[in-house]
Amino acid sequence: MTIQKTIDLSPSPRGFHLITQLVEKELGKLPTEGILHLFIQHTSAGLTINENADPSVRKDFEQIFNKLVPENQLWYSHDDEGSDDMPAHLKSSLTGTSVTIPISHGRLNLGIWQGIYLCEFRNHGGRRRLIATVIS
Amino acid sequence: MTIQKTIDLSPSPRGFHLITQLVEKELGKLPTEGILHLFIQHTSAGLTINENADPSVRKDFEQIFNKLVPENQLWYSHDDEGSDDMPAHLKSSLTGTSVTIPISHGRLNLGIWQGIYLCEFRNHGGRRRLIATVIS
Amino acid sequence: MTIQKTIDLSPSPRGFHLITQLVEKELGKLPTEGILHLFIQHTSAGLTINENADPSVRKDFEQIFNKLVPENQLWYSHDDEGSDDMPAHLKSSLTGTSVTIPISHGRLNLGIWQGIYLCEFRNHGGRRRLIATVIS
């Protein structure tokens, strides 16, 4: 059985943001067993799963990603939309644009320390749209 | 319901290549709602989803990946198959070997700027094989 | 149809470890056609698919990941759990916490050179838990 839902996210500042509770609330009742596929319809933002307790992890994520893919490189050819644009595209492919999570006993079966991150790589990314598909 | 299809890709030059239309054509009619899992059966190529309009993005991808995982490092121990081989393996794990895309209203529900990239990390990668699985 | 199973992995040393055979053995009989979603319930380990024959590839993976995300950076704010902790979180988002693999003719339809890697990013990561979900 397939259930699908669109989830619209309000604009977030650049950085990594926990959206686990928001997603769970939007999905409502889940099947006993299956998977959730969560997909972001953008090329300058991403989704990942990581530590849900200490905000300093999400702060360090922002710094490390900026070092991995630095802005303002003279050799970037795609630079019309600002210095944060081309790095945002690349970062989106490093995290990926979707996460898939097992559903067990009617709940997302994340590890105790795991949360879903929205990765906002633009300075002003605006609203972001997710497509959630539950397969059971 | 599960539908599965093998898609053979002709050799591509090293770089990032849009294959969205080719994949859609190969798949033919899709179910109303579900997911597409697209998997590449190789360890020196990858799949990712990114910007579908400006070819300069794909050109910059090639440069950034080469800086992230440089060739000709003296400390590589796996170097029998050429200087592009070990970096290709690593890059394949950075992009990943599969993408999963929601299907809605009988179509791939990609964002307006999203396309599927074949990431060819070898200088002479040859033919590449994809396994497409549609779950609905 | 959905089949789900928990797979507990014994502690592994830091590095990249082939777990394909272990996973296949744990799963037992597979459906004719479908997908396997394999998910690791941790934020300092990951899963990826890569070369299954030459152990030097997995050795080089360890070196390259350490260069991509170095330890002991003074600007890390999340450093209470040791110098390998924050890098482990980031590496986990680079590989991802799950892999999805097509099932064809009752077997994992991996390419001939592909294997499933457990990516252990901690010095002493301990036991790791996987959730395997087969959808057909």
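The values are calculated or read from the model by the stated rules, or taken from the named source; none is laboratory data. Predicted model only: the values in this text are computed from it and were never measured. Glycine gets a Cβ as well: all are built from the backbone with ideal geometry, and neighbour counts include every protein chain shown. Side chains included, ligands, DNA and RNA excluded: accessible areas come from the protein's heavy atoms. Shrake-Rupley method; radii C 1.70, N 1.55, O 1.52, S 1.80 Å.
A compact table of results
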{"read-out": "Selection within the stretch C:85-103 - open to solvent by 10 Å² or more (accessible area, probe 1.4 Å) and more than 8 Å from chain A (Cβ to nearest Cβ)", "value": "C:Thr95, C:Val99"}
{"read-out": "Given (1) charged (D, E, K, R); (2) within 30 Å of A:Glu81 (Cβ to Cβ); (3) within 13 Å of chain C (Cβ to nearest Cβ), index of the condition B:Asp60 fails", "value": "(3)"}
{"read-out": "Selected residue [open to solvent by less than 60 Å² (accessible area, probe 1.4 Å) and over 30 Å from C:Arg107 (Cβ atoms)] from B:Val69, B:Val23", "value": "B:Val69"}
{"read-out": "Among (1) open to solvent by 10 Å² or more (accessible area, probe 1.4 Å); (2) part of a helix (DSSP H, G or I); (3) facing another protein chain (nearest Cβ under 9 Å), the one test that C:Trp75 misses", "value": "(2)"}
{"read-out": "Residues that are over 20 Å from B:Ser92 (Cα atoms) and polar (S, T, N, Q), drawn from the stretch C:65-113", "value": "C:Asn72, C:Gln73, C:Ser77, C:Ser83, C:Ser104"}
